[in-house]
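A short reminder: the numbers here are calculations on the coordinates, not readings from a lab. Every value quoted in this text rests on a predicted model; they were computed, and no experiment measured them. Note that we place each Cβ from the backbone using ideal geometry, even for glycine, and neighbour counts take in every protein chain shown.
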Amino acid sequence: MRPTGPLLLITVLQGVSGGLVLSVAALWWLMPADRWLLPMGLWGAFVIASVGGVASLFHMHKPKAGRFILRRLKTSWLSREALTTGIYVPVLAILVIVPHLLLVAPFWYGIGSVIASGLALIAMYVTAMLYATIPAMRSWHTPLTVVSMMWVGLVAGTALTEARIAIAIGGHPGGPLHLALLGGTVILAGIKWLQYRYFSEARQAIHASTGTGMPAAPYRLIDSGTTKLPYRTQTQVWPSLEPGRRAVLYMVMGLSLILVPFVLEVLPMGPRAIEWASAAGIMVCGAFIERWIFFADVTHSSKIWFGDELQRPSSVSSNRVSPDFARRLKQVGMHRHDGL
Amino acid sequence: MQLTIITDLNKCVGCKSCQVSCKEHNTSGAFGTVPDHDPYTDPDGMWWNRIVGMESGEYPNTNVLYLPKACMHCYDAPCVPVCPTGASYKREDNGVVLVDYDSCIGCQLCMWACPYGVREFDEQQGVVKKCTMCIDRIEDESLPEIERQPACVQSCPTHARTFGDLEDPDSEVAKLVAQRQGFTLLPELGARPAVHYLPRRQVPVILDESEVLRIMEERY
């Protein structure tokens, strides 16, 4: 489908914000020496989530009808997303603004971090479920979608926290959060590999012969019914990525989301914090690339009726004409290479 | 009651008269909901009914199949529960799936959820639109009985399309589906479409004179 700016911003930034909240909350409870980071982290998470939330408003093409958006909480994950993200961001706002207006006790942040973490996890889960529960989107209809979307957000948010610590101390942050980040990045590589395979399988499973209900394969699309690239009115599909372009995009994603940040975080690069800031920045950019591919490379079940289906030769064909056809050719004195 | 359209794939010749009549009816009159802003330079705009052409078999044993594809008005329409505002809904009295343009926010989630890709996005109005089964015609009591059917059904020159109530065992559509093993598209996705297709047969349909006269009398 067509990747749009609002969708990229809301899904990526909400995840990064959630990862940031969870990582600073973990530090608050596990590493008392790093408690100074929580107010700052909550502020960062609030700003990031707010940008994502505002961007999501631009996904509505008729905002006037937005007042009805909570009507289908019982069945619609988008209604639930509006509710959960709509609670998460204001709670963050209260947590960061109130201490500037009133004197708050230390447990304000302690309790607040737990509440914000819970709300962040719920919001991230609901957003991911929105995509994972659409059977027609063959590439997304798997629990892997939920795991991947949440994990990308958690790892990218944690990388931002680690970068902030590195900048503050001017060197290698270390500690359990650092180990968690490294482990999380390795797990992320595994998740993305599985998702790449799932996307490939979904792409292979959708072709013209599955869309007619007819037993006599093969089928070839000869007229897509007045559809035409780039399917302006049918945004659930998008022109298929060319294999070469797809390979490059996945490679760039792997480098920016996983490999380069991992190397920067592992290698002893000296006391400078610039590597950590770079690692976090590159990882967030990688998250955007990952999400762009997530939307652009998805296979919708209706793809079978669109004109740009990839031509795939049979994997079992011996490239020989049928005996019957060969006999007929022989009867008319022709060979199969005579230009037929 | 579940209104539906049955298409006999033996009779469909791919003339696209249903596609054109759908657009003609729905861009004109009191409703005019299909956008047709620049029909001469952008003829590939919105169509609620598209005829897909498929070639089957391998040379020399090839065949051509035409598949009219519009909203399937599914029993378990996946586009309905995903809609956050309730703009997409399925009518209880006749099973037709419709969109309330006033409460549609244009998020296009229903387009992603529809397995058949028959919902289309109107960029000008910012809402999603689709086949209404010509609800304005079939409920218009000022029209003669024979006219109260979808434009695509009425315009089909080969009578490939039949309109009726799928849940009425005495209706023509129910009988056709039962007797001719009517099938639906992508049943594995669980939407339970109401729109059925009658499979192609190797033997051509043979009409006798009385049948031709009956059809001519009925129509003209």
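Taking every DSSP helix (H) stretch of at least 4 residues in chain A, weighting each as -39,500 (n - 2.57) and dividing the sum by the residue count yields a mean residue ellipticity at 222 nm of -21000 deg cm²/dmol.
The phi-based Karplus calculation (6.51 cos²θ - 1.76 cosθ + 1.60; θ = phi - 60°) puts the 3J(HN,Hα) values of region B:148-161 at 7, 8, x, 4, 5, 5, 5, 8, 5, x, 9, 6, 6, 9 Hz, whole numbers, x for Gly and Pro. The mean number of partner chain beta-carbon atoms within 10 angstrom of a residue's beta-carbon across peptide B:118-127 is 4. Peptide packing: for A:11-18, B:104-111, the average count of neighbouring Cβ atoms within 10 Å per residue gives the ranking A:11-18, B:104-111, highest mean first.
The protection proxy used here, the mean number of other Cβ atoms lying within 10 Å of each residue, ranks peptides B:175-184, A:163-172 as follows, highest first: A:163-172, B:175-184. The phi torsions of region A:98-104, fed into the Karplus equation with coefficients 6.51, -1.76 and 1.60 and a -60° offset, translate into couplings of 4, x, 7, 9, 10, 7, 10 Hz, rounded to whole numbers, with Gly and Pro shown as x. Based on the convex hull around the alpha carbon atoms, region A:7-148 presents an average projected area of 9.6 nm².
Over every pair of different alpha-carbon atoms in chain B, take the mean of 1/r and invert it; report that Kirkwood radius in Å. One decimal place: 18.4 Å for the Kirkwood radius. Ranked by the mean number of other Cβ atoms within 10 Å of their residues, highest first, the peptides A:247-253, A:234-240 fall in the order A:234-240, A:247-253. Inter-chain neighbour count for B:95-106: the average number of beta-carbon atoms from partner chains within 10 Å of each residue's beta-carbon is 3. Within the straight-line cut-off of under 12 Å between alpha carbons, the aspartates and glutamates reachable from A:Lys192 are A:Glu290, sequence neighbours fewer than 8 places apart in one chain being disregarded. Suppose R0 equals 35 Å; then what is the FRET efficiency for B:Asp44 and A:Gln204 from their Cβ-Cβ distance, rounded to the nearest 0.05? That gives a FRET efficiency of 0.80.
Under 22 Å of direct C-alpha separation, and excluding same-chain neighbours fewer than eight residues apart, A:Lys228 reaches these lysines: A:Lys303, B:Lys16, B:Lys23, B:Lys69, B:Lys129, B:Lys130. Pairs of Cα atoms under 8 Å, at least six residues apart: use those to get the relative contact order of chain B, whole percent. The normalised contact order for chain B reaches 28 percent.
A simple spin-label model places pseudo-atoms 7 Å from Cα toward Cβ; at B:Gln125 and A:Trp29 they are separated by 5.1 nm.
In a reduced charge model with +1 at each Lys and Arg Cβ and -1 at each Asp and Glu Cβ, region A:106-230 shows a dipole moment near 260 debye about its Cα centre. For chain A, the relative contact order works out to 23 percent when only alpha carbon pairs closer than 8 Å and six or more residues apart are counted. Quick check on the protein assembly as shown: of the DSSP beta bridges with both residues there, what percent are antiparallel, nearest 5%? Antiparallel bridges: around 90 percent, rounded to the nearest 5. Using R0 = 25 Å, the C-beta based FRET efficiency linking A:Ile94 and A:Ile169 works out to 0.25. Look at the stretch B:7-20: the mean tally of other chain Cβ atoms within 10 Å of its residues' Cβ atoms is 1. Secondary-structure-derived ellipticity at 222 nm for chain B, considering helices only, amounts to -5000 deg cm²/dmol, per-run term -39500 (n - 2.57) for DSSP H runs with n ≥ 4.
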